[in-house]
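The values are calculated or read from the model by the stated rules, or taken from the named source; none is laboratory data. Only a predicted model underlies this, so the values are computations on that prediction, with no experimental measurement involved. Cβ: placed from backbone, ideal geometry, glycine included. Neighbour counts: every protein chain shown. Accessible surface is based on the protein model in full, side chains and every heavy atom, while ligands, DNA and RNA are left aside. Shrake-Rupley method; radii C 1.70, N 1.55, O 1.52, S 1.80 Å.
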Amino acid sequence: RGLKDDSIEAFGIGYAPNSWSSLSGFLLKRKFNALDLVNSGLSVTSKRPYDRFRGRITFPIIDSKDRIVGFSGRVLDEGVAGPKYINTPQTPIFDKSQTLFGIHRAKGEIRAKNMAILVEGEMDVILSHQAGVKNIVASKGTALTVGQIVLLKKYTDNLILCFDKDVAGDAASRRGIEIADSAGMNLKVIQVEGGKDPAEIIKSDEKLWQKSVDEAIPIYDYYLESVSGRFDSRDPAGLKQISAELIPIWTKISDDLVREHYIQKLAALLRMGEEYVRSAVEKERTSHQSSNPARIFTDKENL
């Protein structure tokens, strides 16, 4: 898939043989007990432990302190049973919601550029590094979590999202964006053409990937573009759908000036008076005040 030798070495990419017990048997001989292997996520419980990762390319998941905390494995031979990707399960040292793939390689670049790019997969991160865009990490296919936001805020308050799916229509993604906004992060979105992921773009045109990063748009402008593409603002039914989707999102914008700016933009899209939209937003803000996720970030120790 276009990986260079130095990328394979830099990210520690390896291979788990298509064997039930190559690793488990090796570790048992080295005096680790079966419970250690199962608790680490490397083996699966049984009368005798067997390897979790078999016949797969392995990507070590390394934390910001350069410690391996888990693995992701992708099938090499499509004949191997099971899903295309499997990950280390929750363990005493691995929590998917607290982890970002590639953070150990990206943290310096994120701090230097004062910007992080968040994608979904390992190959997106690794090929982006090859293309020279190194302030990039992956969420492992999950929506943005509080733990990941806390980790990113150690290095920057600026975040660019690039996901395969339309995050505007995904409730879990919207929740993560809401939490990031309440934490004071400035959010943008990379728009990719034809549903391509970053790895596909980079393989076809590295300069196009850099251009896409440079042209990322603010998250709330992205929301406006998304509804404009999915609903007809000239149709009363479309106007209803747009307002039903965006007003709840607008209520969660934490900065008063930013919220007012987008109230004006939404009013223009709906071709309605600003006062009507402002009133609808404020009414919903009042009714949802108690569930404001900003509470998570009121204690500075959380950051």
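Within the stretch 189-212, the set of residues being open to solvent by less than 80 Å² (accessible area, probe 1.4 Å) and either closer than 14 Å to TYR223 by Cβ or part of a strand (DSSP E or B) (or both) comprises just one member, VAL189. Here SER19 does not qualify as surrounded by 16 or more Cβ atoms within 10 Å (Cβ to Cβ) and either among the small types (Gly, Ala, Ser) or within 28 Å of the chain's Cα centre (by Cα) (or both). In the stretch 259-289, how many residues are without any contact (Cβ under 8 Å) to a residue 12 or more places away in the chain and open to solvent by less than 50 Å² (accessible area, probe 1.4 Å)? Final tally of qualifying residues: 2. Taken together, LYS4, LYS31 contain a single residue that is among the charged types (D, E, K, R) and touching a residue at least 12 places away in the same chain (Cβ under 8 Å), which is LYS4. Starting from residues that are more than 17 Å from the chain's Cα centre (by Cα) and surrounded by 17 or more Cβ atoms within 10 Å (Cβ to Cβ), keep the ones in the stretch 61-70 and report whichever is nearest to LYS84 (Cα to Cα). The selected residue is GLY70.
Are any residues in the stretch 97-110 assigned to a helix (DSSP H, G or I) and either open to solvent by 30 Å² or more (accessible area, probe 1.4 Å) or over 25 Å from LYS207 (Cβ atoms) (or both), and if so, which ones? Even if it seems obvious, please write down each step before you answer.
The initial filter retains those residues of the stretch 97-110 that are assigned to a helix (DSSP H, G or I), namely 97-98, 103-110.
Result: SER97, GLN98, ILE103, HIS104, ARG105, LYS107, GLY108, GLU109.
Against the conditions (1) at pLDDT below 95; (2) buried (at least 19 other Cβ atoms within 10 Å of the Cβ), GLY229 satisfies every one except (2). Taking GLU245 as the residue in question, decide whether it is under 28 Å from SER182 (Cβ atoms) and crowded, with 16+ Cβ neighbours inside 10 Å. It is true that GLU245 is under 28 Å from SER182 (Cβ atoms) and crowded, with 16+ Cβ neighbours inside 10 Å.
Does at least one position in the stretch 161-171 carry a residue that is part of a helix (DSSP H, G or I), of a type outside the set (Gly, Ala, Ser) and surrounded by 20 or more Cβ atoms within 10 Å (Cβ to Cβ)? Yes, that holds for at least one residue. Against the conditions (1) in a helix (DSSP H, G or I); (2) open to solvent by 10 Å² or more (accessible area, probe 1.4 Å); (3) farther than 22 Å from LYS134 by Cα, GLY184 satisfies every one except (1). Only residues that are open to solvent by less than 80 Å² (accessible area, probe 1.4 Å) and either free of Cβ contacts under 8 Å to residues at least 60 places away in the same chain or aromatic (Phe, Trp, Tyr) (or both) were counted across the stretch 71-82, and they come to 6.
Taking the conditions exactly as written (loosely packed, with under 15 Cβ neighbours inside 10 Å, more than 30 Å from SER7 (Cβ to Cβ) and touching a residue at least 60 places away in the same chain (Cβ under 8 Å)), does ARG234 satisfy them or not? Considered against the rule, which asks whether it is loosely packed, with under 15 Cβ neighbours inside 10 Å, more than 30 Å from SER7 (Cβ to Cβ) and touching a residue at least 60 places away in the same chain (Cβ under 8 Å), ARG234 comes out as no. Scanning the stretch 111-156 for residues that are over 14 Å from the mean Cα position of the chain (by Cα) and open to solvent by less than 10 Å² (accessible area, probe 1.4 Å) yields ILE126, LEU127, SER128, VAL133, THR156. Residue count for the stretch 187-212, restricted to those that are over 15 Å from the mean Cα position of the chain (by Cα) and at pLDDT 95 or above: 0.
This table checks each residue for (1) acidic (Asp, Glu); (2) modelled with pLDDT of 95 or more; (3) in a helix (DSSP H, G or I).
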{"site": "ALA244", "(1), (2), (3)": "no, no, yes"}
{"site": "LYS252", "(1), (2), (3)": "no, no, no"}
{"site": "LEU257", "(1), (2), (3)": "no, yes, yes"}
{"site": "LEU266", "(1), (2), (3)": "no, yes, yes"}
{"site": "MET272", "(1), (2), (3)": "no, no, no"}
{"site": "LYS283", "(1), (2), (3)": "no, no, yes"}
{"site": "ALA294", "(1), (2), (3)": "no, no, yes"}
